[in-house]
Amino acid sequence: MINGVIDRQGKEWKIEQAIENSVEIGFPKSFIRAAVRFGQRDWSGKAHPTDIINCPRQAALKYTTDYPIILDRTVDAMIGTSMHRFFENGENSYANVRVSNELITGEMDLLEIVNGEGIIYDFKVVKSFPVKKALGFYKEDEPILDEDGNVVLLKSGPRKGEVKTRSVTKQDLAHRDVVTYTRQLNMYRYLFETGDDIEPNVLQKSYIIEGLIVMQLLKEAGRTAAQNGIIHSSYAVPIPIVSNKNVATFIQDRAVPINDFMRGGELPGIPDCPQDVWEGRLCRDYCPVKDFCAKYGNNQYL
Ligand code: SF4
């Protein structure tokens, strides 16, 4: 449970203390209350897709231990959520659709029906780097040519005589990194198509999902974004569809340990794959329950 907040200077406050000192902290009381409410995830009896995308152990510890949240880091997620909370159900458009099976339960941001086929949308507020990764933008040095089409050589300096180059942004879908998006949206798709509890239930298995799209909303513009090849304020990132068999295995491997732990079983292990904990950065720099994890003593990243 969230029991405190951390301000921009890294100082930790109990929730009531933070609300009393809101001006000093630099966030309004309402924001502090909202951030705590927003971050709080109560156990619903089953794991949630976002619990198992990266580290199931982190989710298990968040459900069962007291920890503070960093106020500044709640901002992006709150903006993203506020956006789809504005959506209303309309013709062929359904917001905040709840999907479940016996192991897992979640809520997709938006489902729209286009030409009889379903498209699931998820909204993320991000900096330009995740957009660059998701769209496969990368930098490459390219020779500079003169007006006759000949390469230009450096005329001085230690690299004199070498070809003069400039860094250009290119796009190649083979360079894309959409692993976490692929996991999350395919779980929603799988649960929609095979789950046993969909709300609103008028949608129950009515459509096959043909499209998965992450709407990346940029919070960073200007020169840094442009250097990464990012020139728009939003991008629609298509996400590949994964076989139901693979999604079912993923859910089984990751949701069951959390569900078992919440029924008195053992704490889920450290993820086998280093990428799941961002090669340790998630543990060291972003995990609010890392101290509890460290007490178990088998985390090589801490
Ligand atoms: S410290 Fe790393 S392994 Fe431990 S709970 Fe946090 S993210 Fe998971």
Rg ratio (alpha-carbon, reference 2.2 N^0.38 Å) - region 35-169: 1.71
Those chymotrypsin sites (Phe, Trp or Tyr not before Pro) in region 21-110 that DSSP places in a loop and that have at most 10 other beta carbons within 10 Å: Phe86
Values of log10 I(q)/I(0), in the order q = 0.06, 0.13, 0.14 Å⁻¹, for the chain under a Debye, Cα-only, solvent-free model: -0.26, -1.06, -1.19
Whole-angstrom gap from region 117-146 to region 231-302, using each part's C-alpha centre: 24
When the convex hull of its Cα atoms is projected in every direction, mean area for region 1-82 (nm²): 5.7
In order through region 179-187: 3J(HN,Hα) via Karplus (6.51 cos²θ - 1.76 cosθ + 1.60), integer Hz, x for Gly, Pro: 4, 5, 4, 4, 4, 5, 6, 5, 5
Stokes-Einstein D for region 118-215, Kirkwood Rh over Cα pairs, 20 °C, 1.002 mPa s (µm²/s): 122
Relative contact order computed over region 150-285 (Cα-Cα under 8 Å; 6+ residues apart), in percent: 18
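Pairs of Cα atoms under 8 Å, at least six residues apart: use those to get the relative contact order of the chain, whole percent.
Normalised by residue count, the contact order of the chain is 21 percent.
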Between region 69-91 and region 30-55, the Cα center-to-center distance that results, in Å: 13
Region 124-232: trypsin sites (Lys or Arg not before Pro) in DSSP loop, at most 16 other beta carbons within 10 Å: Lys127, Lys155, Arg159, Lys160, Lys164, Lys205, Lys219
Nearest 10 degrees, 0 to 90: helix 244-262 Cα axis against the chain principal axis: 50
Tyr296-Asp42 FRET efficiency (beta carbon distance; Förster radius 30 Å; 0.05 resolution): 0.80
On Cα atoms only, tilt of 71-85 relative to the major axis of the chain in degrees: 80
Helix 29-39 axis, angle to the chain major axis (alpha carbon atoms, nearest 10°): 80
For region 132-142, 3J(HN,Hα) per residue [Karplus equation, 6.51 cos²θ - 1.76 cosθ + 1.60, θ = phi - 60°, Hz, x = Gly/Pro]: 4, 5, 6, 9, x, 6, 8, 9, 9, 7, 10
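Every number in this text was worked out from the coordinates using simple rules, so none of it is lab data. Worth saying up front: this structure is predicted, and the values here are computed from it rather than measured. So basically every Cβ, Gly included, is an ideal-geometry build from the backbone, and we count neighbours across all protein chains shown.
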